Amino acid sequence: MKPATIVIIDFGSQFVQLIARRVRENRVHSIIVSPSITLQEIRDHNAVGIIFSGGPASVYADDAPKCAPEIMDMGLPVLGICYGMQLACDLLGSDVGAGNSREYGRTQVEIVAEDALLNHVPTQATVWMSHGDIVKTLSDDFVALAKTDTCPYAAMRHKSRPMYGVQFHPEVFHTPCGNQIIRNFLYDICHCTGDWQVDHVADDAIKTIREKVGETDRVICGLSGGVDSSVVAALIHEAIGDRLICIYVDNGLMRNRETDLVEATFKQHFNMNLRCVDASESFLTKLKGVTDPQEKRKIIGHEFIEVFKAEAEKIDGARFLAQGTLYPDVIESGHSASGATANIKLHHNVGGLPKELGFELVEPLRDLFKDEVRRVGEHLGLPEEIVWRHPFPGPGLAVRIMGDITPERLSILRDADDVILEEIRSAGWYNIIAQAFGVLLPISTVGVMGDDRSYAGQHVIAVRFVESADFMTADWVRVDYEVLGRISTRIINEVEGVNRVVYDISSKPPSTIEWE
Ligand code: XMP
């Protein structure tokens, strides 16, 4: 039996994932679907309510995205947000057109009628708006619930159908009463019980894996040591034990002690069937003299597939391959009504394995957001160091060593990176920062060695700390000077061959997070 679900129809809103998360944070399962969804598909999802998202179009434009109008007749509660409200009103005979002025950012709304949707919301409330169109005349079938100076119908409900609308965005952080409104919709209008929680997610995933894999087949999992593949491995191990075989490829481009951590966690603690392949020599040989970043990525991606394939072929009876695909990847790879947005992770994902390997896929995280994956990881007993770790790129330190990759340069960057991570952990910054790392620059700068100025063999390390919600945009972290000072002193004193440390203060865009 599928959990009671809120179906969110995506009309191209930049906030659609946020709506899904807000619903889930209130312990109700949600999924995002395209406007082409059929009534039967909605029923098959065990829908208890529907949310129409916002979107950039005008409902009266020829190419405006629309869903089947019969959805309004299903008897399910509908909450329209922004464009979603205008569309629902349009479908039910109200008039939508351009407002006298566009309304962006924080606005005050005044509640003009009491309603379950607005329970516990102050009469004067701050909300976040982003629209040009408005509902101009509301048909007699509706009741206005709120207004602003420029928008006469900022919230409304239908008199005889369970249809509600808000012109503002309750899902964004800048609408302080937004979560209350979403809760009211879920609990008072859709009568959800709020029993969607992470223990159930893990239990359901384990059950589904058992059903899919059956009693005898084996599953191969490429373990990188990152959160996603670690949680995938822990879930599948819980489901089928020793019939899971994990392959960890040491490409020689990892941080210090990475292989030890993976072995200690998965082999010793979880007692998993783990094969560690030390392929560092072949990776480093192929990368010799290569300085172009995309060329590095290509070589590493190709070599990874070769090594993985050779190891997988040694495993008898393996029919399935596990992958750590997350819900945002699923949405962004084509389920979004707004068309696929550029997905940086997929685009970069050199750890991806081609279909020609001939395995069936097991993707137990397909329905989950990253924070839910972390909670599942905690629930399964993965160590904090794994559950809360920063993302690390597939090509590893290769894209953080600008220019030629040599064992000496790798060693310098690894030692510098150790200092950086140690210092931010001990100063309490690790969980505030989204990604922290060092970059070895391809230049030498002057230093004073004894009484002489010296250029020879003296490297520069750039330190990069970013904060980011989705890694599509990022800002540099205003970290304490004290922390930067300690990092600089320690790197220069402890890492031989480095005489200068700089801090990267660029945001993305226009810079990227990585330097290559
Ligand atoms: P950029 O540098 O594009 O990075 O702002 C965005 C996020 O992607 C990671 N990244 C990669 N991940 N293979 C990966 O698996 C790659 O080639 C790659 N390049 C960048 C980066 O660490 C950040 O989290």
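The values are calculated or read from the model by the stated rules, or taken from the named source; none is laboratory data. All figures in this text were calculated on a predicted structure; none of them were measured in a lab. FYI the Cβ positions are ideal-geometry reconstructions off the backbone, even for glycines, and counts take in every protein chain you see. Ligands, DNA and RNA are stripped out before the accessible areas are found, and what is left, the full protein with its side chains, is counted by its heavy atoms. Shrake-Rupley method; radii C 1.70, N 1.55, O 1.52, S 1.80 Å.
The calculated FRET efficiency for LYS66 paired with ARG210, based on their beta-carbon distance and R0 = 41 Å, is about 0.50. When both bridge partners sit in the chain, DSSP labels roughly 45% of those beta bridges antiparallel.
A full extension of the chain between ASP95 and ASN46 corresponds to an added length of 14.4 nm, given 0.36 nm per residue minus the alpha carbon distance. Once you list every other residue whose beta carbon is under 13 Å from the beta carbon of ASP188, what net charge do they have if Lys and Arg are +1 and Asp and Glu are -1? Computed value for this residue: 0. Computed from the C-beta positions of GLU378 and ARG102 and an R0 of 35 Å, the FRET efficiency is 0.20 to the nearest 0.05. Here is the list for the stretch 150-225: trypsin sites (Lys or Arg not before Pro) lying in DSSP coil, each with at most 12 other C-beta atoms within 10 angstrom of its C-beta, are LYS159.
In this structure the chain gives 45 Å² per residue of accessible area when probed at 1.4 Å with all protein chains present. Look at where the Cα atoms of the stretch 483-508 and of the stretch 382-428 average out, and the two centres are 14 Å apart. The relative contact order of the chain comes to 11 percent, based on Cα pairs under 8 Å that sit 6 or more residues apart.
Here the gap between PHE173 and THR193, fully extended at 0.36 nm per residue and compared with their Cα-Cα distance, gives a gain of 4.8 nm.
Surface composition of the chain: carbon and sulfur make up 49 percent of the accessible area, probe 1.4 Å. Taking chymotrypsin sites (Phe, Trp or Tyr not before Pro) in DSSP loop states with no more than 13 other Cβ atoms inside 10 Å as exposed sites, the chain has its longest site-free stretch at 174-454. Students often get this wrong: which residues of the stretch 81-101 have the backbone nitrogen under 20 Å from the point 7 angstrom along Cα-to-C-beta of ASP140? Under cut-off, by backbone N: 89-96. Is the stretch 5-189 rounded, prolate or oblate when judged by the Cα gyration tensor, a ≥ b ≥ c being the square roots of its eigenvalues, rounded requiring a/c under 1.5 and prolate requiring a/b larger than b/c? It is rounded, given that a/c, with a ≥ b ≥ c, falls under 1.5. Mean residue ellipticity at 222 nm, helices only, the chain: -8500 deg cm²/dmol; runs of at least 4 DSSP H residues each add -39,500 (n - 2.57), and the sum is divided by the number of residues. Restricting the trypsin sites (Lys or Arg not before Pro) of the stretch 455-516 to loop positions (DSSP other than H, G, I, E, B) with no more than 10 neighbouring Cβ atoms within 10 Å leaves ARG478. A Förster radius of 25 Å, combined with the Cβ-Cβ distance separating GLN14 from ASP149, puts the computed FRET efficiency at roughly 0.50.
Starting from the Cα gyration tensor of the stretch 83-194, take the square roots of the eigenvalues, sort them a ≥ b ≥ c, and report rounded, prolate or oblate (rounded when a/c is under 1.5, otherwise prolate if a/b is larger than b/c, else oblate). Note, shape of the stretch 83-194 comes out oblate.
Max-minus-min Cα coordinates of the chain on each principal axis give 85, 63, 40 Å, with the largest extent listed first. Averaging 1/r over every pair of different alpha carbons in the stretch 246-333 and inverting the result gives a Kirkwood radius of 15.1 Å.
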